[in-house]
1. Please report Rg (one decimal) and Dmax (integer) in Å for the Cα set of segment 103-194.
2. Under a plain spin-label model, where a point goes 7 Å from the Cα along Cα-to-Cβ, how far apart in nm are W185 and E264?
3. What's the ranking of 220-232, 246-258 by average number of surrounding C-beta atoms within 10 Å, highest first?
4. What are the lysines whose alpha-carbon lies under 23 Å from the alpha-carbon of K110, with same-chain residues fewer than 8 places away excluded?
5. What percent do you get for the relative contact order of segment 123-225 when only Cα pairs under 8 Å and 6+ apart count?
6. If the cut-off is 21 Å between C-alpha atoms, which lysines fall inside it for K129, apart from same-chain ones fewer than 8 positions away?
7. For segment 121-197, which chymotrypsin sites (Phe, Trp or Tyr not before Pro) pass both filters: DSSP loop (anything but H, G, I, E, B) and at most 16 other C-beta atoms within 10 Å?
8. Hey, what D do you get for segment 1-67 in µm²/s if you plug the Kirkwood alpha-carbon radius into Stokes-Einstein at 20 °C and 1.002 mPa s?
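Computed from the coordinates by the stated procedures, all read-outs in this text should not be read as laboratory data. Being a predicted model, the structure only gives us computed values, none of them experimental. When we count neighbours, we look across all protein chains shown, and the Cβ atoms used for this are built from the backbone with ideal geometry, even at glycine.
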Amino acid sequence: MAITDCEVLQNYIRLCSDGWDQGWHERNGGNLTYRMRPEEVEQCRPYFKETPGEWVNMGVQADNLKGEYFISTGSGKYFRNVSLAPQDNLCIVEINEAGDSWRIVWGLEKGGRPTSEFPSHFLNHSVRKEATNGENRVIYHAHPANLIAMTYILPLTARDFTRALWQSATECPVVFPGGVGVVPWMVPGGSDIAWATSKLMREYDAAVWAHHGLFASGPDFDTTFGLMHTIEKAAQIYLLALSAGQGKIRQTIQDDDLRAIAKEFGVTLREEFLE
Ligand code: 13P
Ligand code: ZN
């Protein structure tokens, strides 16, 4: 038995490999965090380091994440290497009782620290945990090319992106009826972009980072990966249609069609995004 036999780590690692296979993780691009269930922490605890790392202040704080444990990709580590050497590319961090610092309790055996986007992940976990009554556990950041390309041609508003994506594939309004938020271009890695993103994640379960990528959230790995995948595929269809039609869209899904989908599938669309 090894820590990597634990189901939660297997599922985590599978998402990393799937994201790499999709082409969303050039070099060290992208990062993944998971808020562990108490029983998963206990399963993994026998493999924790005898002496945990030093506490490191995050520059952000959350009362509802005090004492939680997260699995995180390491900063500068490559998704394509995660399945080959999880112990060198991933870590488990514990959050202190003040809710403002982490320390490494497992992994990154050759050194390193959790993703540079940990402050964004952390605040997103905090608001999604609150918004979903504790259901949300996964925050996933990737660099999917078609969605990034869209941020060069559409106005950077939640309404414009949500409408374009909803109209690009019939399943989209069912998968993300609340739409997607959009963060304007900002310097990655710090607390400013973390605050800007988490403000949107109060309302949306995905947020686009202009000219950079996407943050997606969900209760488990399948749902979160599925959300990233659905949004990126819709972005691809949007760009294919625009390119093939040389910028002209002959027909699309109408707003009343979107309403009909919502009614049939029992979801509530963000009405202010409809005409
Ligand atoms: P990390 O290697 O620190 O996770 O950064 C990758 C990234 O995508 C930054 O936005
Ligand atoms: Zn990134």
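1. So, for segment 103-194, Rg and Dmax equal 16.1, 46 Å respectively.
2. The answer from the label model is 4.0 nm.
3. On the way: 220-232: 20.3, 246-258: 11.3.
Highest-to-lowest ranking by the protection proxy: 220-232, 246-258.
4. Leaving aside lysines fewer than 8 places away in the same chain, those within reach of K110 are K49, K77.
5. 40
6. The qualifying lysines are K66, K199.
7. On the way: sites: F122, Y140, Y152, F161, W166, W185, W195; in loops: Y152, W185.
For chymotrypsin sites (Phe, Trp or Tyr not before Pro) across segment 121-197 that sit outside H, G, I, E and B with at most 16 neighbouring Cβ atoms in 10 Å, the list reads Y152, W185.
8. Values: Rh = 14.6 Å.
D = 146 µm²/s.
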